[in-house]
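Laboratory data are not the source of any read-out in this text; all were calculated from the coordinates shown. All figures in this text were calculated on a predicted structure; none of them were measured in a lab. Positions of Cβ are backbone-derived with ideal geometry, glycine not excepted, and every protein chain shown enters the neighbour counts.
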Amino acid sequence: MKSPRIAPAEVHATLARHMLADGYDMVLDLDKSHGRRLHDSRSGREYLDLFSFFATLPIGFNHPKMKDADFLAKLTRAALVNPTNSDIYSTEFAEFIEVFGRVAMRSYLPHSFFVAGGALGVENALKAAMERH
């Protein structure tokens, strides 16, 4: 059963019934946003994105390569399982690390550690710091 579509003008009021809805006064349109531009479906305006969702969207919205069918199938397969990559490995993770190492890592930072949340990252950083003392 498909959920009813909520009109952009009703998004904030709908959210406010169930949570503290104190976010930005806009409603993001995931389809019309592009590159570094946020599209507000309430006003129809576009904004330059200097936020990038705390850097979780570094390549911008709707990049053409992110719509490749093979890539989306691979991403969906991994996302539906969402393994703890720091502990359980997969060929998909190894392929990602190989490309990441080749394209994004610098020689003076030869290792990486991936974890699925900020709190877990802080916890592991504290563990690493405690081991050194």
Which far-off residues, 5 or more places away or on another chain, put their amide H under 5 Å from the one on Ser33, with H placed in the peptide plane?
His39
Using only DSSP helix segments of four residues or longer, with each worth -39500 (n - 2.57), what per-residue ellipticity at 222 nm results for the chain after dividing by its residue count and rounding to 500?
-11500 deg cm²/dmol
Let me test this: with uniform point scatterers at the alpha carbons of the range 1-62, what is the Debye-based log₁₀ I(q)/I(0) at q = 0.23, 0.25 1/Å?
-1.03, -1.10
Taking only the alpha-carbon positions of the range 68-133 and ignoring solvent, what does the Debye formula give for the base-10 log of I(q)/I(0) at q = 0.17, 0.23, 0.25 Å⁻¹?
-0.79, -1.16, -1.21
Can you give me the angle between helix 69-81 and the longest principal axis of the chain, using Cα atoms only, in degrees from 0 to 90, rounded to the nearest 10?
80 degrees
Taking K and R as +1 and D and E as -1, what net charge do the other residues with C-beta under 14 Å from the C-beta of Leu15 add up to?
-1
How many nm is it between the label spots at Ala94 and Leu126, if each spot is 7 Å from the Cα in line with the beta carbon?
3.5 nm
Kirkwood Rh for the chain from C-alpha pairs, in Å, is 18.6 Å
